1. Taking H placed 1.01 Å from N in the peptide plane, check which residues at least 5 places from Glu45 or on another chain put their amide H under 5 Å from its amide H.
2. Please work out how much length the chain gains when fully extended from Tyr137 to Arg3, using 0.36 nm per residue of separation minus the C-alpha to C-alpha distance, in nm with one decimal.
3. R0 = 35 Å: FRET efficiency of Thr87 with Glu145, Cβ-based, nearest 0.05?
4. Using a Förster distance of 25 Å, how high is the FRET efficiency between Asn118 and Asp40, based on the Cβ-Cβ distance and rounded to 0.05?
5. Rounded to the nearest 0.05, what FRET efficiency do Asp107 and His78 give with R0 = 30 Å and r taken as the Cβ-Cβ distance? Could you check?
6. Amide H neighbours of Asp119 under 5 Å, counting only residues 5+ apart in sequence or on other chains, H built in-plane at 1.01 Å?
Amino acid sequence: MSRILAKLVYSIGIMLLAVLVFTSIRMNNYQVKELVDVLDVEEIEEVSYRKQSLDDAEQLNHIVNNPESIQELIGFFHQYKVKKIGTKKITSKYTDEQFVFQLEYVDERLTLPSLIENDVVLIGEDQYLIVNGPVDYQWIEDFIEKSD
């Protein structure tokens with residue numbers, strides 16, 4: 001009987017440990033983070049972008065692969081903090097407050113983030129609220145103009 005009780009206690013302990021680990025990981029996912037950490041900026045090799053509404057079918061047709069320009073964009077991203085809010089689809093009321101871009105990494109990964117008003121959406125992944133916004137869209141427009 002004590003052997004069965006020991007196995008039961010052990011099983012309950014393992015289940016509680018699994019629940020604690022899962023809860024801890026989930027809570028950490030929803031903490032405020034640096035935007036640069038979410039975008040993994042240290043590995044960026046090339047940036048492609050467009051600035052139109054998300055419904056516009058135009059391709060990402062502007063490319064920045066100059067290391068100085070990429071560092072300037074990364075510097076811009078460094079000023080923002082984000083908090084994960086889930087995986088919901090967002091709609092925008094302000095079509096001029098959107099910036100869609102693609103990041104290509106040195107290991108050939110691609111990610112397609114979008115800045116939409118005060119949200120960052122990683123297409124096919126998660127949505128983050130920019131907690132220290134608003135985003136300086138004028139800076140983005142100036143950056144695009146210089147990069148063209």
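FYI, it's all coordinate maths here, none of it is from the lab. Here the structure is a predicted model, which means the values were calculated and not measured. Cβ placement follows ideal geometry from the backbone for every residue including glycine, while neighbour counts extend to all protein chains displayed.
1. Placed amide hydrogens put Glu104, Tyr105, Val106 under 5 Å from Glu45.
2. Details: separation 134, 0.36 × 134 = 48.24 nm, distance 6.60 nm.
Full extension of this stretch gives 41.6 nm more.
3. Details: r = 33 Å, r/R0 = 0.95.
About 0.55, to the nearest 0.05.
4. Values: r = 21 Å, r/R0 = 0.85.
With R0 = 25 Å, the Cβ-Cβ based efficiency is 0.75.
5. Numbers: r = 22 Å, r/R0 = 0.73.
Once the sixth-power term is evaluated, E becomes 0.85.
6. When sequence neighbours closer than 5 places are left aside, the close amide H contacts are Ile130.
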